[in-house]
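Below is one structure, written out as structure tokens; the observations come after it.
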Amino acid sequence: MNATRLPRLHVITDTRTGAPLRDPLDVVAAALAAGARLIQVRTEDHHTDRAAFDLAAAVTARCAEYGALCLVNDRVHVAQAVGAGGVHLGADDLPVDAARRILPAGAVIGGTCREPEAARAARRAGATYLGVGPVWGTATKTGLPEPIGLDGLAAVCAAVDLPVIAIGGIDAERARRCREAGAYGVAVVSAVAAASDPGAATAELLAAIGDTPPPDLLRGTGAR
Ligand SMILES: Cc1ncc(COP(=O)(O)OP(=O)(O)O)c(N)n1
Ligand SMILES: Cc1nc(C(=O)O)sc1CCOP(=O)(O)O
Ligand SMILES: [Mg+2]
């Protein structure tokens, strides 16, 4: 990965059927071309490891073309097998400290948390960043707790000095509000995966969070 810092926009794959019916790799390609520099490969729990491996291998290869980071959600062994840059782990996944022991030095390990004490615990466990939400309600994932809102997000941001990536019901306008509340960045599924133009949606999100496209995208535009 060429990026010298954690990207602020995390584009998460949507592998649900009919969700719309769009190949996740097409969405990933559009998001990378529009300037996204972190893709999280999230597959549905009922999908096989082989399906997760195949998608993660393809995404890792596409990310490498852009110097982008590929993270694998949940499945640490898949991340190891494809040589991904790291993982994202929640309460039902391998603990952050266990993943830290078995992944290569420098691996990016994100941990989900929803309130300050869990954030401090994730920091002690060695998380690189925190995924914090759901900030707003979302239909993308079932079984979530009540949204924590911008106040809940701000409370976690104030509790630890780790980058906080907000998640849950986030579009460009809400991404701006998350940044104002103290979040380092945001993670999205539907705002990109369900967009009529995933590339344009990615560019709008990057502008909203103040993460200008990488220099290679600005080349030739005269922009600095
Ligand atoms: C950036 C980010 N934040 C939170 C999550 C949710 O992860 P988790 O709690 O493991 O739930 P599942 O995604 O596995 O359903 C995430 N994936 N990314
Ligand atoms: C995968 C996931 N995890 C969440 C959490 O709060 O732990 S919310 C979420 C779904 C995010 O999808 P969308 O951007 O379409 O709302
Ligand atoms: Mg998980």
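When the accessible area of the chain is computed with all protein chains present and a 1.4 Å probe, what percentage of it is carbon and sulfur? Can you show the working numbers first?
Working: 5350 of 10270 Å².
Whole-percent figure for carbon plus sulfur exposure: 52.
Counting Lys and Arg as +1 and Asp and Glu as -1, each charge on the Cβ, what is the dipole of region 1-93 about the Cα centre in debye, to the nearest 20? If you can, show how the numbers build up before the last one.
Working: 9 positive and 11 negative charges, 80 e Å.
Result for region 1-93 is approximately 380 debye, rounded to the nearest 20.
Pull up all non-local amide H partners of L38: gap of 5 or more, or a different chain, and H-to-H distance under 5 Å with H placed in the peptide plane.
Excluding prolines and chain starts, which carry no amide H, the hits are V11, L69.
Compute the Cα gyration tensor for the chain, then decide on rounded, prolate or oblate, letting a ≥ b ≥ c be the square roots of its eigenvalues: rounded whenever a/c is under 1.5, prolate when a/b is larger than b/c in the other cases, and oblate in all that remain.
rounded
Binned at 10 Å from 0, what are the whole-percent values of the Cα-Cα distance distribution for region 92-224, short to long?
Pair shares across the bins are 12, 37, 34, 15, 2.
Do you know the relative contact order of the chain, to the nearest whole percent, from alpha carbon pairs under 8 angstrom that are 6+ apart? List each step's numbers first, then the result.
Details: 442 pairs, mean separation 45.7, N = 224.
Relative contact order, the chain: 20 percent.
Can you work out the Karplus-derived ³J(HN,Hα) for every residue in region 129-144? Use 6.51 cos²θ - 1.76 cosθ + 1.60 with θ = phi - 60°, whole Hz, and x for glycine or proline.
Residue by residue, region 129-144 yields 8, 10, x, 10, x, x, 5, 10, x, 8, 8, 6, 9, 8, x, 7 Hz.
List the cysteines in the chain whose Cβ has no other cysteine Cβ under 4.7 Å from it.
By the Cβ distance rule, which asks for a partner under 4.7 Å, the isolated cysteines are C113, C157, C178.
With the dipole of the chain worked out from charges on the C-beta (+1 for Lys and Arg, -1 for Asp and Glu) around the Cα centre, which of V28, G182, A172 lies farthest toward the positive end?
G182
So what is the accessible area of the chain per residue, in Å², with the probe set to 1.4 Å?
46
Dividing the alpha-carbon Rg of region 25-147 by 2.2 N^0.38 Å yields what? Spell out each step's value before the answer.
Working: Rg = 14.5 Å, N = 123, 2.2 N^0.38 = 13.7 Å.
Rg over 2.2 N^0.38 Å, computed on Cα atoms: 1.06.
Using the crude model of +1 on Lys and Arg Cβ and -1 on Asp and Glu Cβ, and no other charge, please compute the dipole size for the chain relative to its Cα centre, in debye to 20. Walk me through the numbers before you get to the answer.
Details: 22 positive and 24 negative charges, 115 e Å.
Roughly 560 debye for the chain.
In debye, nearest 20, what is the charge dipole magnitude of region 25-71 about its Cα centre with +1 on Lys and Arg Cβ and -1 on Asp and Glu Cβ, if you could check?
Values: 4 positive and 6 negative charges, 38 e Å.
Computed charge dipole of region 25-71: roughly 180 debye.
The values are calculated or read from the model by the stated rules, or taken from the named source; none is laboratory data. The model shown is predicted, which means the values in this text are computed figures rather than measured ones. Note that we place each Cβ from the backbone using ideal geometry, even for glycine, and neighbour counts take in every protein chain shown. Please note that ligands, DNA and RNA were not included when accessible areas were found on the heavy atoms of the full protein model with its side chains. Shrake-Rupley method; radii C 1.70, N 1.55, O 1.52, S 1.80 Å.
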